[in-house]
Amino acid sequence: MNDEVETEARRSIPAGESIARDDGGPDGRGPEGRTADGLPAATVVLKPKRARPFFGRHPWVLDSAVLRVDGDPQSGAVVDLTTHDGLFVGRGLWNGSSRIRVRLYAFDAATPLDTAEWRRRLERAVALRRTLGMLDPSGACRLVNSEGDDLSGLIVDRYGAYLAVQVTALALAGRLEVVCDALEALVAPRGILLRGAERGLAKLEGLHLPDRVLRGAPPDGPVFVTEHGLRFGVDLTEGQKTGHYLDQRDNRQAAARLARGRRVLDMFCYSGGFAVACAVAGTARSVLAVDGSPRAAALARANAELNGAASITVEAADAFEKLDALAAAGERFGMVVLDPPKFARSRASVDDALRAYHRVNRLAVDLLEPGGILVTCSCSGSVSRDDFLQMLAGVAQRGRRTLQILEVRGAAADHPVSVSCLEGEYLTCVIARVI
Ligand code: SAH
């Protein structure tokens, strides 16, 4: 399975679908005919020979694997998954109109998917960030990372005293009250904001969850957070993602370690994360930061100023055009950072995406002086690390340059990936020296 499936599944959720709540009536049955205690309202029976991924704890049960449903579950209801001959496989939440019919959350029959269980999972997620030392009140981190935290379809990012929640599973959208109660008890935020899933995706998902304040009050301006000693203003209500690319936190630091004295190009800079890290922590000679969005460029300028980084210049321009123009002008850099948006939206578009990665990396390598550093990223989950490295090999070949891989990195540790759902591993950041 891949994010194509995920996208497909999201696409098929109808707008305005009613969402069942977790609390049942006094007779132990909810208004939708579900049991009150997180126990199953129906049994989903798998086709023969289709159970192996789920015995392997993969959480997405596609419609094509389902033989029949015993019962008439509403979307959001707790269901059990069994083999065709009745063996228990797992327990999850039903969505009758998604291609992911069931998202599995438990693999033993003794675990009810009730309020206490959701709380326990959120507690476990917060405890990990505590272990990682990421609960500093002035900092920012991902508190909940979907499948990586056994909470498929739920993302929670913390920016100082505020939380931004993204939901990509209909069934969890119906449990937002439980989630907010638990988050308030665990980290006492000043406000919890619901942010639509990735731009444009909310519509495709038909999840119908407009941005809104779930608890407390929204910030009355940008929220300022500290990242590895640097300050960033985060626009929680209008920004991309939930406001800041937290996944790149440690990669920015890794790039900065190699930036000393170099002329740096930060291409696709968004709010200037790499630029500020390289200029201030990395003591680069100068940084040119470029983003196609004037709004992003303005954020980057503000963050450069906030950190007193006078050596950063920010431009709003198309990356491909700007790279061409820099090459035509004979410009050279000691480091180029490439952090483009997701080029591959699905497995079907991987080849096109690899061509786009090739093109942008080829342009970047041409701008690097001998011994220059390339920091190149892909956040396309359907482009594997191997594919990405092969693409770079093609760039070396066509550009007649030697590329030495120094580091192959992923997202920071507050973005854990479940070993049973490697689809969660979407970010690759390769740091290479170009001779
Ligand atoms: N490096 C950033 C995150 C980059 S996200 C950080 O560390 O925070 C990708 C960025 O690419 C977005 O800000 C988006 O506006 C920008 N972008 C998308 N298409 C572009 C294009 N054709 N040219 C330049 N920028 C583009």
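Checking the range 310-319 against the condition returns a match, with at least one residue being within 15 Å of the ligand (Cβ to nearest atom), small (Gly, Ala, Ser) and under 25 Å from ARG231 (Cβ atoms).
Of all residues in the range 338-360, at least one satisfies being of a type in the set (D, E, K, R), within 12 Å of the ligand (Cβ to nearest atom), under 21 Å from VAL287 (Cα atoms) and at pLDDT 95 or above.
For beta carbons closer than 7 Å, sequence separation of 6+ or different chains, a first residue in the range 174-190 that is free of Cβ contacts under 8 Å to residues at least 24 places away in the same chain and outside the structural domain of ARG119 (by TED's automatic domain parsing) and a second that is among the β-branched types (Val, Ile, Thr) and crowded, with 20+ Cβ neighbours inside 10 Å, there are no qualifying pairs. Hey, can you tell me all the residues within the range 320-337 that are within 14 Å of the ligand (Cβ to nearest atom) and surrounded by fewer than 14 Cβ atoms within 10 Å (Cβ to Cβ)? GLU321, ASP324, ALA325 - these are the residues of the range 320-337 that are within 14 Å of the ligand (Cβ to nearest atom) and surrounded by fewer than 14 Cβ atoms within 10 Å (Cβ to Cβ).
Among residues that are farther than 28 Å from HIS244 by Cβ, assigned to a strand (DSSP E or B) and either at pLDDT below 95 or in the same structural domain as GLY282 (by TED's automatic domain parsing) (or both), GLY371 is included. Can you find even one residue in the range 83-98 that is at pLDDT 95 or above, open to solvent by 40 Å² or more (accessible area, probe 1.4 Å) and hydroxyl-bearing (Ser, Thr, Tyr)? No, the conditions are met nowhere in the range 83-98.
Just one of the listed residues (VAL223, VAL234, VAL213) is open to solvent by 10 Å² or more (accessible area, probe 1.4 Å), within 16 Å of the ligand (Cβ to nearest atom) and closer than 30 Å to LEU170 by Cβ, and it is VAL223. Within the range 120-147, the set of residues being in contact with a strand residue (DSSP E or B) (Cβ under 6 Å, 6 or more places away or on another chain) and closer than 19 Å to PHE224 by Cα comprises MET134, SER138, GLY139, ALA140, CYS141, ARG142, LEU143.
Applying the criterion of at least 2 residues that are modelled with pLDDT under 95 to the strands (runs of 3 or more DSSP E) found wholly in the range 106-190 leaves 162-167.
Each row is one residue, and each column tells you yes or no for (1) modelled with pLDDT of 75 or more; (2) of a type in the set (Val, Ile, Thr); (3) more than 22 Å from ASP414 (Cα to Cα); (4) not in a loop (DSSP other than H, G, I, E, B).
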{"residue": "GLU198", "(1), (2), (3), (4)": "no, no, no, no"}
{"residue": "LEU204", "(1), (2), (3), (4)": "no, no, yes, yes"}
{"residue": "ARG231", "(1), (2), (3), (4)": "yes, no, no, yes"}
{"residue": "GLN240", "(1), (2), (3), (4)": "no, no, no, no"}
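Please go through the range 73-105 and give me each residue that is part of a strand (DSSP E or B), within 11 Å of GLY38 (Cα to Cα) and in contact with an Asp or Glu (Cβ under 9 Å, 6 or more places away or on another chain), ordered by number. Selection gives VAL78, ARG91, GLY92.
Determine which member of the set ALA298, ALA304 is farther than 24 Å from TYR357 by Cα, within 14 Å of the ligand (Cβ to nearest atom) and buried (at least 20 other Cβ atoms within 10 Å of the Cβ). The conditions single out ALA304.
So that you can scan it fast, the table gives a plain yes or no per residue for (1) over 23 Å from ASP352 (Cα atoms); (2) under 30 Å from the mean Cα position of the chain (by Cα); (3) not assigned by TED's automatic domain parsing to the domain that holds ALA275:
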site	(1), (2), (3)
THR376	no, yes, no
SER380	no, yes, no
ARG398	no, no, no
ILE405	yes, yes, no
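Residue check: is ALA106 in contact (Cβ under 8 Å) with a residue 12 or more places away in the chain, crowded, with 23+ Cβ neighbours inside 10 Å, touching a strand residue (DSSP E or B) at 6+ places or on another chain (Cβ under 6 Å) and not acidic (Asp, Glu)? Considered against the rule, which asks whether it is in contact (Cβ under 8 Å) with a residue 12 or more places away in the chain, crowded, with 23+ Cβ neighbours inside 10 Å, touching a strand residue (DSSP E or B) at 6+ places or on another chain (Cβ under 6 Å) and not acidic (Asp, Glu), ALA106 comes out as no. GLY139: within 21 Å of the chain's Cα centre (by Cα), in contact (Cβ under 8 Å) with a residue 40 or more places away in the chain and more than 18 Å from HIS58 (Cα to Cα), yes or no? It is true that GLY139 is within 21 Å of the chain's Cα centre (by Cα), in contact (Cβ under 8 Å) with a residue 40 or more places away in the chain and more than 18 Å from HIS58 (Cα to Cα). Take the conditions (1) in a helix (DSSP H, G or I); (2) open to solvent by less than 10 Å² (accessible area, probe 1.4 Å); (3) of a type outside the set (Val, Ile, Thr); (4) in contact with a helix residue (DSSP H, G or I) (Cβ under 8 Å, 6 or more places away or on another chain); ALA353 misses just one of them, which is (4).
Considering the range 252-262, and only residues there that are touching a helix residue (DSSP H, G or I) at 6+ places or on another chain (Cβ under 7 Å) and either within 11 Å of the ligand (Cβ to nearest atom) or not small (Gly, Ala, Ser) (or both), the residue that is most open to solvent (accessible area, probe 1.4 Å) turns out to be GLN253. Of the helices (runs of 4 or more DSSP H) entirely within the range 263-329, those holding at least 3 residues that are in contact with a helix residue (DSSP H, G or I) (Cβ under 7 Å, 6 or more places away or on another chain) and hydrophobic (A, V, I, L, M, F, W, C) occupy 273-276, 319-328. Checked against the criterion of being within 9 Å of the ligand (Cβ to nearest atom) and open to solvent by 20 Å² or more (accessible area, probe 1.4 Å), the candidates SER271, SER293, SER286 yield just one match: SER293.
The values are calculated or read from the model by the stated rules, or taken from the named source; none is laboratory data. Everything quoted here is computed from the prediction, not taken from an experiment. So basically every Cβ, Gly included, is an ideal-geometry build from the backbone, and we count neighbours across all protein chains shown. The area values use the complete protein model at the heavy-atom level, side chains included, leaving out ligands, DNA and RNA. Shrake-Rupley method; radii C 1.70, N 1.55, O 1.52, S 1.80 Å.
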